[in-house]
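Here's the structure, in structure tokens; my notes come after.
The values are calculated or read from the model by the stated rules, or taken from the named source; none is laboratory data. Bear in mind the structure is a predicted one, so any value in this text is a computation, not a measurement. We place every Cβ from the backbone using ideal geometry, glycine too, and count neighbours over all the protein chains shown. These area figures cover heavy atoms from the full protein model, side chains too; ligands, DNA and RNA do not enter into them. Shrake-Rupley method; radii C 1.70, N 1.55, O 1.52, S 1.80 Å.
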Amino acid sequence: MKVYDTGNIRNVVLLGHGGAGKTTVAEALAYVTGTTTRMGSVPEGNTISDYDKEEIKRKFSISTSVIPVEYKGEKGEYKINILDTPGYFDFVGEVEEAVSVADAAIIVVNCKAGVEPGTVKAWELCEKFHIPRLFFATNMDDDHASYRQLVLDLEKRFGRSVAPFQLPIRENEKFVGFVNVVKMGGRRFTHLSDYEECEIPDYVQKNLGIARNALLEAVAETSDEFMEKYFSGEEFSVEEIQSALRASVKTCQMVPVLMGSGVNIQGFNVLLQVIEKYFPAPDEFETVGVDASTGERFTAKYNSEASLTAKVWKTIVDPFMGKYSLVKVCTGTLKPNSEAYNVNKEQSEKIGKVYILRGETPVEVPELRSGDIGAVAKLSVTTTGDTMALRNAPILYHGPQFSKPYTYMAYRAENKSDEDKLSTALARMMEEDKTLKTMGDPENRQSLIYGIGDQQLDVVSSMIRERYNVGIILEKPRFAYRETIRKTVKVQGKYKKQSGGHGQYGDVIMEFAPSGDLETPYVFEEKVFGGSVPKNYFPAVEKGIQECCKAGPLAGYPVVGIKATLLDGSYHPVDSSEQAFKTAASLAFKDGFMQAQPVLLEPIVSLKVTVPDSNTGDIMGDLTKRRGRVLGMESIHGGKQVISAEIPMSNLYGYNTDLRSMTGGAGEYEYEFARYEQAPGDIQKQIVEENAQNPQQ
């Protein structure tokens, strides 16, 4: 592939709901530009972007793929870097990576299914990062797909900025062409995406008039001169319309709607024309970072002549492909056999060959210019989010903003001997997927893996098995309960052992009471009179209490909120020892704890659930079933409500899946630990019984 200048590059991300047809759109664009000679299909598992075995097996995208295509447009040759992203919400990290380097977006909508939660999320992402976008309606070959209804729904949901650039022409219930609203001409498909001019059918005229007027109004609003022209009844030229619309698309004031059929490869030549004419090149933006040497804000135009700066936006670690760091060159030119400075790690990296990736296939290129997306292999310290620059010009860019993972499970290796292999495999998976986290939970003797949702964790376990040949078991985690007491009791703990020679003797009388401080395991005091227990044994008594607090007598969870007071006891001048008093204190603790109305404390979290207005009733009812307390609701933009609640952490297990089910995927949640509260009697009984059957290992 030849090297392209910044002005002839378009970085376009495909967004949309899972199953809307993004991968098919990417495949069709590759086919009509001659990048491939055969159109792949998702069901057959032979598309460019879904190359991973897991993607082929499951028939949906799991990671973002780059498909660079070359397109001969009206004003020269262009390179379009298509970023095909997953639609399923569990893989949102992949979408966030792609959005961080995209200059424009195509939101793919299944015309038959209409506006789905993934459509809304795609729009919200574009709004957040001010990304110019268009809607592409797929499935136009389905006679039940109503384009007119889709446009109405899009306008209702996203406002007046939505503007259809095309209207469909159907004959005998088949999609055969379209009307170009900008040029006011009919177009009939001849072969695949090729078309010829034709008459505009009468039945289209009414909707065409509405769409045309909306376009002309948008053009008029771009300048005072055009506004005068519009009100005086003068016609705009096609060039004036296109120039004004391009400005409106770039500033996100207008969002075109186009259409096509992925299966029949129709509508993609027009889509390429619109990408060329209306989507901005990287050099129309500024790149913003921080000068690491001064701490000052840095801004620059995308310019191939400046010093090199590039951001690493994604990492691929594959046992077969090796490690690739995907980069977007912001300023300067990335050349092979050179050296770059990793500003984040403050280390130099040797750049070997420079590639573009087409799906899984690396294609060597002579250089990458400003604004282009490519890859470098085998960088030693560089990870996703790092900036590559020159040592004497250390510019630092922000990496992708990732969603925080809240879904977690306990994990372990199927075979104990594979623990090191599993640890290595997980480290590599986390290098690729920044929404994946692992952490140890020594208190409950378990390791935890966090992700965006259950589906992601299931995919990760399958990938580890497939790629690294190591089995991983995911299971319900143990929750961090605590134990405490409600009553004050006085007990004796006596340890006496005689077995020839020196024996063991320790005798304590202790009082156990609630301390009122659930943040601290225990408070120790002594009120011994007359030396019945010598002072040198006090630390041993406290040590016995301290060790008992690590695993309580009720269900083996840590003890909190105990006040232990040593009142009295006795000792033997020969047989008493620190160990004997430590054991006596342990016996007193276990006996006293069970007499002092022991209770289980459960962790309570503060929960925030964001859902569409229409789902609030279902969500609040479900939270009540989960023993949650709804604290309030707050309306936010986009017709959504944020529900605040407090809920036992154990009852959030599996919540991600249930929330998506209740909201069609539109709901989101976050939580943080609040405090401990006494668990209800039935819950306590259940947990005590479970732990009696399966004590902590």
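Below are the figures for this structure:
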| read-out | value |
| --- | --- |
| Relative contact order for the chain, counting Cα pairs under 8 Å that sit 6 or more residues apart, in percent | 10 |
| Residue range of the chain that is longest and free of GluC sites (Glu not before Pro) which are both DSSP loop and sparsely packed (at most 16 other C-beta within 10 Å) | 520-697 |
| Expected-Rg normalisation [2.2 N^0.38 Å, Cα atoms] applied to region 403-476 | 1.00 |
| Cβ-defined net charge surrounding Lys328, 9 Å radius [Lys, Arg +1; Asp, Glu -1] | 0 |
| Extension gain (nm, one decimal) between Glu443 and Gln401, 0.36 nm per residue minus Cα-Cα | 12.0 nm |
| Amide H contacts of Glu677 (H built 1.01 Å from N, under 5 Å, at least 5 apart or other chain) | Glu602, Ile604 |
| Solvent exposure of the chain as accessible area per residue, Å², 1.4 Å probe | 44 |
| Relative contact order computed over region 381-482 (Cα-Cα under 8 Å; 6+ residues apart), in percent | 33 |
| Region 477-534, relative contact order [Cα under 8 Å, separation at least 6], % | 30 |
| Value of [θ]222 nm, deg cm²/dmol, for the chain, DSSP H segments ≥ 4, -39500 (n - 2.57) each, nearest 500 | -8500 deg cm²/dmol |
| Fraction of accessible area attributable to carbon and sulfur, the chain (%, probe 1.4 Å) | 47 |
| Residue order for Ser307, Ser462, Ser325 - accessible surface, 1.4 angstrom probe, largest first | Ser307, Ser462, Ser325 |
| Contour minus Cα-Cα distance for Lys345 and Arg391 (0.36 nm per residue) | 15.4 nm |
| Among (1) 24.6, 79; (2) 27.3, 85; (3) 32.7, 117, the entry derived from the coordinates for Rg and Dmax of the Cα atoms in Å | (3) |
| Segment Lys59-Thr37, length gained on full extension (0.36 nm per residue, minus Cα span) | 5.7 nm |
| Charge dipole (debye, nearest 20) of region 473-628; +1 at Cβ of Lys and Arg, -1 at Cβ of Asp and Glu | 260 |
| Interchain or long-range residues, amide H under 5 Å from Thr438's placed H | Tyr450 |
| Cα centroid of region 626-697 to Cα centroid of region 460-495, whole Å | 18 |
| Calculated FRET value between Gln205 and Lys128, using beta carbons and R₀ = 45 Å, to 0.05 | 0.70 |
| Cα extents of region 581-657 along the three principal axes, largest first (Å) | 66, 22, 20 |
| Anchor Lys496: lysines whose Cα lies under 30 Å away (excluding residues fewer than 8 positions away in-chain) | Lys487, Lys527, Lys535, Lys543, Lys550, Lys563, Lys582, Lys590 |
| Residue-wise HN-Hα coupling along region 15-26, computed from phi with Karplus coefficients 6.51, -1.76, 1.60 (Hz; x: Gly, Pro) | 10, x, 5, x, x, 6, x, 5, 5, 5, 4, 4 |
| Prolate/oblate/rounded label for region 506-580 (Cα gyration tensor, a/c 1.5) | prolate |
| Restricting region 170-209 to trypsin sites (Lys or Arg not before Pro) in coil, as DSSP defines it, with at most 13 other Cβ within 10 Å | Lys183 |
| 22 Å Cα-Cα reach of Lys437 towards lysines, excluding residues that sit fewer than 8 places from it in its own chain | Lys314, Lys323, Lys345, Lys404, Lys416, Lys421, Lys476, Lys608 |
| Proximal aspartates and glutamates to Lys174, defined as alpha-carbon separation beneath 13 angstrom and excluding residues fewer than eight positions away on the same chain | Asp141, Asp142, Asp143 |
| Karplus (6.51, -1.76, 1.60) ³J(HN,Hα), θ = phi - 60°, over region 125-137, in Hz, Gly and Pro reported as x | 5, 5, 5, 4, 9, 6, 9, x, 8, 9, 9, 10, 8 |
